[in-house]
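Before any comments, here is the structure.
The values are calculated or read from the model by the stated rules, or taken from the named source; none is laboratory data. Keep in mind it's a predicted model, so treat the numbers as computed, not measured. Cβ coordinates were reconstructed from backbone atoms using ideal geometry, including for glycine residues, and neighbour counts include every protein chain displayed.
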Amino acid sequence: MNMNDHGEIDTLISACLDGCLSDADADRLSRWIEESSEVRQRYWELASVHAMIEQSMQSTSMKAITGQVVVPAPKSGSHFRWSRITSVAAGILIGIFSASMAWAYAIPRVSKSSSENREIVFESFEDPQMKSLGRFPTNANQWFGGMFSVPGTGGMPVVEGTRVGQFANMPQHRFSYARYVVDLDEYAEPSDEHTRSIEVSGSFFSPDLDPTSVFRIDVAAFGEAPEAVQPVWIDREHFDDVVLQQVGRNYSPELTDQPTWHEVKVAMEIPPGTRSLVISLGAGKRDPGGAGSDRYLDAVRVKLVDTFKPRD
């Protein structure tokens with residue numbers, strides 16, 4: 001270890017004393033301390049300073065709370081008391097005098113949050129008899145919006161499987177949609193110590209892209225049951241007062257884009273009180289009458305992601 005680079009060593013040691021060292025940096029610092037007496041000495045110096053600062057901060061906090069001055073215990077010579085060292089520093093200093101190999105275990109790791117991903121919907125429109133109903137869902141777990149299944153072709157290779165979904169061609173509307181409702185009552189939450197998010201992705205295709213073309217995914221959260229969401233959605237005057245949260249993402253092609261599949265993704269943290277999640281995938285053009293072209297959808301994925309708080 002080259003001790004000329006004090007900056008990097010000091011940064012790692014400070015992170016160690018603060019208890020926020022990553023796994024990779026912990027392994028690196030452990031190796032340096034094991035191999036270098038100079039690094040061990042530097043750790044001792046910084047640990048001493050850290051302990052004194054910690055005690056000073058605690059005394060100041062106590063004074064602010066109680067209105068009294070806390071007088072620190074006197075030092076003995078140039079040494080400091082073990083009680084003034086933080087628990088992290090004490091554990092590591094013990095490792096110095098125990099055995100050099102103990103460093104690999106004495107240096108703390110950062111507590112990281114963990115997450116669980118669950119794919120609750122995957123649709124590649126493989127059923128040739130698929131027949132979606134109505135424009136807006138009236139119940140959960142079924143596609144609505146006039147989407148139907150067609151085979152892939154040489155000019156439109158599929159993303160998954162052998163078939164794709166084709167949006168209903170409705171020239172009177174600028175956009176065509178495929179919609180789906182998720183009923184969260186069907187997916188038990190693992191604990192109170194977590195947050196839950198939804199991630200949606202889908203791939204879109206159109207043979208006549210231009211800068212006015214738009215592919216879009218929206219996700220909206222409601223407290224109502226799936227069968228009660230439709231009237232809420234239609235009542236646009238009061239929609240903003242009822243929807244708990246809504247996010248959306250557009251993809252608009254560039255002039256240089258080729259007619260190929262374009263993936264769109266959107267994610268949203270699900271707010272408390274949510275019962276239904278409306279997923280809306282749309283394709284069309286910003287110009288009036290632009291939805292008369294053929295547009296396709298494939299490889300739609302919906303995931304629930306539960307993220308748990310880091311353990312102490």
Worksheet item: For GLY146, all conditions in the list (1) over 31 Å from the mean Cα position of the chain (by Cα); (2) farther than 17 Å from VAL300 by Cβ hold save one; what is the number of the exception?
Response: (2)
Practice prompt. Give the residues of the stretch 284-306 that are modelled with pLDDT of 90 or more, hydrophobic (A, V, I, L, M, F, W, C) and within 14 Å of PHE215 (Cα to Cα), sorted by residue number.
Written response: LEU297, VAL300
Worksheet item: Does the stretch 264-274 include one or more residues that are under 22 Å from GLY155 (Cα atoms) and touching a residue at least 60 places away in the same chain (Cβ under 8 Å)?
Response: yes
Worksheet item: Looking at the stretch 128-143, which of its residues are on the phi < 0 side of the Ramachandran plot and in contact (Cβ under 8 Å) with a residue 24 or more places away in the chain?
Response: PRO128, MET130, SER132, ARG135, PHE136, PRO137, THR138, ASN139, ALA140, GLN142, TRP143
Worksheet item: From PRO231, PRO259, which residue is loosely packed, with under 14 Cβ neighbours inside 10 Å and at pLDDT 90 or above?
Response: PRO231
Worksheet, complete the sentence: Listed by range, strands (runs of 3 or more DSSP E) wholly within the stretch 174-284 having at least 2 residues that are of a type in the set (Asp, Glu) are 262-269
